[in-house]
Amino acid sequence: MVNDTAHRYGGITRLLHWAMALLIALQFLKLGDRINDGEHWIGQTLVPWHISVGGLLLVLIVLRLFWARGQRQQRPQPVGPTALLVKAGHGLLYACMLLMPVSGILLMLGKGYGLKVFGVQLVAKTGVETGWMASLGSLHSPLAWLFVALVLGHIAAALFHHFVQKDDTLKRMGG
Ligand code: HEM
Ligand code: HEM
């Protein structure tokens, strides 16, 4: 089933959710640069893909936003006293998924580093700093920490539904 229904998420929503969750987890490994200045296996093999994977995530989140807009009438809706909290939580996750790559790109361009994605030089290196871009880009790191906290809360909520409330919340996204 490609489309969402009121009781379960369809194939495209699930594919986008799990593929992006995996790629975002990969992006969080950039925090590993804080350990021994990134001089370890993760820092040397996975982190160099940070900018390319971030560029891919920007394309995916734009597609996902359009897809979610098209599916919003027919997908599972939060109910009960926590409905507003669930909506706000999912809204903030969407905001982070969009703002992370945007702020990352602003950081690179603002510092004059240019932008190279999967070997393609999209913007040439200038070496010239652009103040406003660099300032907005400096939000990348604080946003990353907020995003990590939101994702941990989101996973805890999913596991709580599954193991404590024993309802279908995880199954409708998981299979
Ligand atoms: C969803 C996409 C992204 C996520 C989840 C993400 C996540 C992160 C995380 C967790 C850090 C470490 C922050 C810290 O140590 O405080 C980081 C740093 C960084 N990211 Fe991203 N990132 C994303 C996309 C991008 C993109 C598209 C670019 C560039 C085009 C980028 C460029 C950078 C740079 C340059 C740093 C180092 C910043 C610094 O040391 O101040 N990121 N990112
Ligand atoms: C980076 C990681 C993740 C992000 C950004 C994320 C984001 C989201 C978003 C925005 C939704 C709302 C539905 C949609 O529009 O797709 C959602 C739903 C859901 N996610 Fe995640 N997710 C992540 C990881 C996970 C993980 C690891 C689990 C399982 C442990 C999980 C379980 C669920 C479940 C069960 C739903 C359905 C909730 C409902 O219908 O109320 N997610 N996720």
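The values are calculated or read from the model by the stated rules, or taken from the named source; none is laboratory data. Here the structure is a predicted model, which is why all the values come from computation and not from measurement. Methodologically, a virtual Cβ is constructed for each residue, glycine included, from the backbone with ideal geometry; neighbour enumeration extends over all protein chains shown. Only protein heavy atoms, including side chains, enter the accessible area calculation; ligands, DNA and RNA are left aside. Shrake-Rupley method; radii C 1.70, N 1.55, O 1.52, S 1.80 Å.
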Query raised in the report: For residue 75, all conditions in the list (1) open to solvent by less than 50 Å² (accessible area, probe 1.4 Å); (2) of a type in the set (Lys, Arg); (3) under 17 Å from the mean Cα position of the chain (by Cα) hold save one; what is the number of the exception?
Result: (3)
Query - Qualifying position, being over 22 Å from residue 23 (Cβ atoms) and either in contact with a Gly (Cβ under 6 Å, 6 or more places away or on another chain) or among the aliphatic types (A, V, I, L, M) (or both), among 85, 92 - result: 85
Query raised in the report: Here are some residues: 117, 151. Which one is farther than 27 Å from residue 1 by Cβ and in contact (Cβ under 8 Å) with a residue 24 or more places away in the chain?
Result: 117
Query - Matching residues in the stretch 129-175 - criterion: being closer than 16 Å to residue 110 by Cβ, open to solvent by less than 60 Å² (accessible area, probe 1.4 Å) and of a type in the set (Gly, Ala, Ser) - result: 131, 134, 137, 141
Query - Checklist (1) surrounded by 14 or more Cβ atoms within 10 Å (Cβ to Cβ); (2) more than 8 Å from ligand 1 (Cβ to nearest atom); (3) closer than 28 Å to residue 69 by Cβ applied to residue 105, failing item - result: (2)
Query raised in the report: Within the stretch 78-93, can one find any residue that is surrounded by fewer than 11 Cβ atoms within 10 Å (Cβ to Cβ) and polar (S, T, N, Q)?
Result: no
Requested in this report: Can you give me the number of residues within the stretch 1-27 that are farther than 16 Å from residue 147 by Cα and either among the aliphatic types (A, V, I, L, M) or in a loop (DSSP other than H, G, I, E, B) (or both)?
Outcome: 14
Query raised in the report: Is it fair to say residue 17 is within 15 Å of ligand 1 (Cβ to nearest atom) and under 18 Å from residue 56 (Cβ atoms)?
Result: yes
